[in-house]
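**Student:** Have a look at the structure that comes next, please.
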Amino acid sequence: VDVCTAALEAMDRMLGENKVASARARCTLISTLARAGKTDDARRALSELFTSIESAPPSAMPPPGVLAIAVCGLSSACRKRGDFDGSLQALKWADKVPVTHFTACKLATERLLVAACFYNNEEM
């Protein structure tokens, strides 16, 4: 069992039925994994997070800002390593983040940064 899977299983055991706390913890783990360079694990955890909340009632949803930070954290980590495909894969989840002023600004900023990187790469 890899570290990511072990961490997710431990969080689920500790948080039990508290789905909002579990989703928040998963978002924190995603951001942490991404910053540590474990983008594949972060990508997998992000996919599992969105899969788990798709069927959850609205009361079990983590705050939209927390989701946006997880998506942008993964995209940013990939972008900074030159993994633009990874950034785009992370940003595909952006459409599933509920729209608020904060999430719209956060996600738009990350999309612009990724687009600028693509543009700069094409110029080189």
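The values are calculated or read from the model by the stated rules, or taken from the named source; none is laboratory data. Small disclaimer: the values here were computed from a predicted structure and weren't measured. Virtual Cβ from ideal backbone geometry, glycine too; neighbours counted across all protein chains shown. To get the accessible areas, we keep the full protein, side chains included, count just its heavy atoms, and leave off ligands, DNA and RNA. Shrake-Rupley method; radii C 1.70, N 1.55, O 1.52, S 1.80 Å.
**Student:** Out of everything in segment 37-64 that is among the aliphatic types (A, V, I, L, M) and within 16 Å of A21 (Cα to Cα), what residue ends up being most open to solvent (accessible area, probe 1.4 Å)?
**Tutor:** M61
**Student:** Just to be sure before I move on: is S76 touching a residue at least 12 places away in the same chain (Cβ under 8 Å) and over 13 Å from the mean Cα position of the chain (by Cα) in the structure I sent?
**Tutor:** When the stated conditions are applied, S76 does not pass them.
Condition check ((1) outside any helix (DSSP H, G or I); (2) closer than 18 Å to T109 by Cβ) across all residues:
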position	(1), (2)
A21	no, no
T28	no, no
T32	no, no
D41	no, no
A56	yes, no
L74	no, yes
C78	no, yes
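**Student:** For residues in segment 65-118 being of a type in the set (S, T, N, Q) and surrounded by fewer than 14 Cβ atoms within 10 Å (Cβ to Cβ), which is farthest from K38 (Cα to Cα)?
**Tutor:** T100
**Student:** Go through segment 15-59 residue by residue and tally those that are over 16 Å from the mean Cα position of the chain (by Cα) and at pLDDT 75 or above.
**Tutor:** Total meeting the criteria: 5.
**Student:** D40 is checked against (1) closer than 19 Å to A7 by Cα; (2) in contact (Cβ under 8 Å) with a residue 12 or more places away in the chain and fails just one. What number does that condition carry?
**Tutor:** Result: D40 fails condition (2) only.
**Student:** While we're looking at this one, here's another question. Considering (1) closer than 13 Å to K96 by Cβ; (2) part of a helix (DSSP H, G or I); (3) without any contact (Cβ under 8 Å) to a residue 40 or more places away in the chain, say which one A10 fails and leave the rest.
**Tutor:** (1)
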